[in-house]
């Protein structure tokens, strides 16, 4: 499902001479896996930080502790911070950050199962999209990774 996006993204990154970085929480490296399934991806992909726990988000990606306490890990401000800080840490041109509740547990009265935020940071873009996926854990992870690749493709392919 995500392979055509990964190929197209690689072609666009290569053509535009852009470098990509990722900050993944709920997808656990799945987006990076799709990107690196494409031969030659080292030309444009710098790397990914899988920051699952609060401590990793804070220590590896400089997400402020107060921001996590105020909004929770699954929130738009955290997704935006993940993307922005990954771009800075790697020195990338564009970065994507993702956080969500994949299930089967983790939902709260205010944050439903499948809730996911995908953010993109670039010098000319600061995007964030909210999704609610309704599959099981693995289906939600696949849907979230695909949504992130789609956002990246939309950014790279805009007119």
### Task
Please tell me if residue 63 is in contact with a helix residue (DSSP H, G or I) (Cβ under 8 Å, 6 or more places away or on another chain), under 20 Å from residue 129 (Cβ atoms) and outside any loop (DSSP other than H, G, I, E, B).
no
### Task
Mind listing whichever residues of the stretch 34-54 are in a helix (DSSP H, G or I) and within 17 Å of residue 90 (Cβ to Cβ)?
35, 36, 41, 42, 43
### Task
Find all pairs meeting these conditions: Cβ atoms under 6 angstrom apart; at least six residues apart or on different chains; first residue within the stretch 135-146 and surrounded by fewer than 19 Cβ atoms within 10 Å (Cβ to Cβ); second residue part of a helix (DSSP H, G or I).
none
## Note on the structure
When residue 40 is run through (1) on the phi < 0 side of the Ramachandran plot; (2) over 12 Å from the mean Cα position of the chain (by Cα), the failure sits at (1)
#### Entry: Answer from 95, 144, 81 - the residue that is under 24 Å from residue 4 (Cβ atoms), touching a strand residue (DSSP E or B) at 6+ places or on another chain (Cβ under 9 Å), at pLDDT 95 or above and part of a helix (DSSP H, G or I)
144
## Note on the structure
Selection from the stretch 2-32 of residues assigned to a loop (DSSP other than H, G, I, E, B), touching a strand residue (DSSP E or B) at 6+ places or on another chain (Cβ under 8 Å) and either farther than 16 Å from residue 139 by Cα or without any contact (Cβ under 8 Å) to a residue 60 or more places away in the chain (or both) yields 18, 19, 29
### Hits in the stretch 105-130 (condition: surrounded by fewer than 16 Cβ atoms within 10 Å (Cβ to Cβ) and in contact with a helix residue (DSSP H, G or I) (Cβ under 8 Å, 6 or more places away or on another chain))
125, 126, 130
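The values are calculated or read from the model by the stated rules, or taken from the named source; none is laboratory data. Note that this is a predicted model, so its numbers are computed, not measured. Please note: Cβ atoms are built from the backbone with ideal geometry, for glycine as well, and neighbour counts cover all protein chains shown.
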